[in-house]
Amino acid sequence: MGEIGGVDNPLRVGIIGSGPAGFYTVSNFFKQKGVNVELDMFDRLPTPFGLVRAGVAPDHQKDKSVTRAYDKSASNPNFRFYGNVAYGTDLHMDDLKRHYHQIIFATGAPVDRDLGIPGEDLTGSHSATEFVAWYNGHPDFADRKFDLSQESVAVVGIGNVAMDVARILCKTHEELLETDIADYALEALKQSKVKNVYLLGRRGPAQAAFTPQEIKEVGALLDADIEVSPEEASPDAASLRSIQANPDKNVERNVAAIADYSARALAGKRRLLTFRFLVSPTEIMGPNGRVEAIRLMKNEGYQADDGSVRARATGVEEELKVGLVFRSVGYRGVALPEVPFNESWGTIRNEHGRVQSVDGENLPGVYTAGWIKRGPSGVIGTNKTCASETVNCMVEDLAAGVHFNPVEAAPASSEAMIRARQPKVVTYADWKKIDQAELANGEEAGRPRVKFTTIDDMLAVLGR
């Protein structure tokens, strides 16, 4: 048998996770000259695309068009998708070593970071991830309940996900009908009594993590006014110095948009979206076991020794009456069986994508990409560069002879093992049937797509 990666002895790679990082791993590998590679991708859900399907806001259909490129990668005869197959349950590290030369973990950062304040576990206090996955029809979250009878809601955080949550809460039923939001969420939001939504940022508008597109978008809401106090809309002195020293067009656009909103007169719309800056929650309050208010500490901005603008407490507190709280202050990965994990960072231990032991030694044949590699930063496209870095390491290691030596490398062997472990495995061709059924249901309803929100319903399309 010839050299690994040659025509008659393909490099066999197992990819755990089918989100952007996983698919950019595929496209990067297929661009490698002189490397014949076979890529098997695994996901515990029957559906591919990870965050693009379950995390991107339903009213951001353009952002989901990236799946066309993933479809192109999936059409390569050397690619196989195995959905409804869970690593750690249906598939283990020893199985992967037996069938593949290299393994890459691209499982994302699926859980929210905690606020670490009293009252966070009260009824009515939720992570943004729960809500986003719920309205996007993720099977794990389809049965969650959110008390939308409350008139006032606080969203802690001021990044794009926090903006998505606030925007969905503020949209009218007619606006949501134009999206692929889950049917049950569409109905629940139609009955929503929410009138006031507060977005709470720890620092000032110059440090807001949302994009100019996101802040501009809320200004077009049909039935929601935007409110920002002139005092909080104005960057503090430290921020102004930072802007002058390090000009950034996105920061300038964000600051300008916030200033514009602060100067607008309210139009008396049914809902009110209020931006608050330089405030930190110190306690979620609810003496009766459910959220009734949130206590805020007023902050001030200051320039740290490294030049960054940070927030520090002033000692001035206030209470905001709310009945529902969503936290959106960052995300972290989840440890995987037999994969070294850095708990404090919430990422797989690695250097440039090469997975490392606790002692800092590279583990031959094991790699990572995406948010589980670097933390939750960047946009969808950032994963392309991230995956490219890891794939380059994998190709370098292949040339150096650093890889597993699988005893059953033939595709038929791994497929037989997978089907024996999980008879309800879903192939990419199966996924396309599910996809077409969702699109057809959407066309009938006059919407982009109507999602199946349970695994049983997805498998029913396939006659299983």
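Some notes on this structure:
- Test result for Glu300, in contact with a Leu (Cβ under 8 Å, 6 or more places away or on another chain), of a type outside the set (A, V, I, L, M, F, W, C), over 30 Å from Asp147 (Cβ atoms) and in the same structural domain as Val194 (by TED's automatic domain parsing): yes
- Qualifying residues in the range 1-30 (those that are in a helix (DSSP H, G or I) and among the hydrophobic types (A, V, I, L, M, F, W, C)) - the one surrounded by the fewest Cβ atoms within 10 Å (Cβ to Cβ): Phe30
- Enumeration of residues in the range 278-309 that are touching a residue at least 40 places away in the same chain (Cβ under 8 Å) and part of a loop (DSSP other than H, G, I, E, B): Leu278, Gly286, Gly289, Val291, Gly307, Ser308
- Any strands (runs of 3 or more DSSP E) falling wholly within the range 31-142 and containing at least 2 residues that are under 30 Å from Met297 (Cα atoms): 125-127
- Close pairs (6 angstrom Cβ cut-off, 6 or more residues apart or separate chains): at negative phi in the range 427-448, basic (Lys, Arg) anywhere: Glu438/Arg449; Glu438/Lys451; Leu439/Arg449; Gly442/Arg449
- Test: residue in the range 17-29 that is more than 16 Å from the chain's Cα centre (by Cα), within 23 Å of Ala416 (Cβ to Cβ), of a type outside the set (Val, Ile, Thr) and not assigned by TED's automatic domain parsing to the domain that holds His173: no
- Residue check: Gly157 meets all listed conditions (1) more than 22 Å from Thr382 (Cβ to Cβ); (2) under 22 Å from the mean Cα position of the chain (by Cα) but one, namely (1).
- Selection count where residues are of a type in the set (Val, Ile, Thr) and surrounded by fewer than 17 Cβ atoms within 10 Å (Cβ to Cβ), scope the range 283-303: 0
- Check on Gly307, in the same structural domain as Ser127 (by TED's automatic domain parsing), more than 22 Å from the chain's Cα centre (by Cα) and at pLDDT below 95: yes
- Arg312 in contact with a Pro (Cβ under 8 Å, 6 or more places away or on another chain), in the same structural domain as Lys145 (by TED's automatic domain parsing) and either free of Cβ contacts under 8 Å to residues at least 40 places away in the same chain or under 30 Å from Asp95 (Cα atoms) (or both): no
- Residue match in the range 29-52 (condition: of a type in the set (Asp, Glu) and without any contact (Cβ under 8 Å) to a residue 24 or more places away in the chain): no
- Matching residues in the range 62-114 - criterion: being of a type in the set (A, V, I, L, M), under 26 Å from Phe131 (Cβ atoms) and touching a helix residue (DSSP H, G or I) at 6+ places or on another chain (Cβ under 8 Å): Val66, Ala106, Ala109, Val111
- Residues satisfying the stated conditions in the range 325-372, i.e. closer than 23 Å to Tyr24 by Cα and polar (S, T, N, Q): Thr347, Asn350, Gln356, Asn362, Thr368
- Residue match in the range 244-261 (condition: part of a helix (DSSP H, G or I), surrounded by 13 or more Cβ atoms within 10 Å (Cβ to Cβ), hydroxyl-bearing (Ser, Thr, Tyr) and touching an Asp or Glu at 6+ places or on another chain (Cβ under 8 Å)): yes
The values are calculated or read from the model by the stated rules, or taken from the named source; none is laboratory data. Note that the coordinates shown come from a computational prediction; the quantities given were computed from them, not determined experimentally. Please note: Cβ atoms are built from the backbone with ideal geometry, for glycine as well, and neighbour counts cover all protein chains shown.
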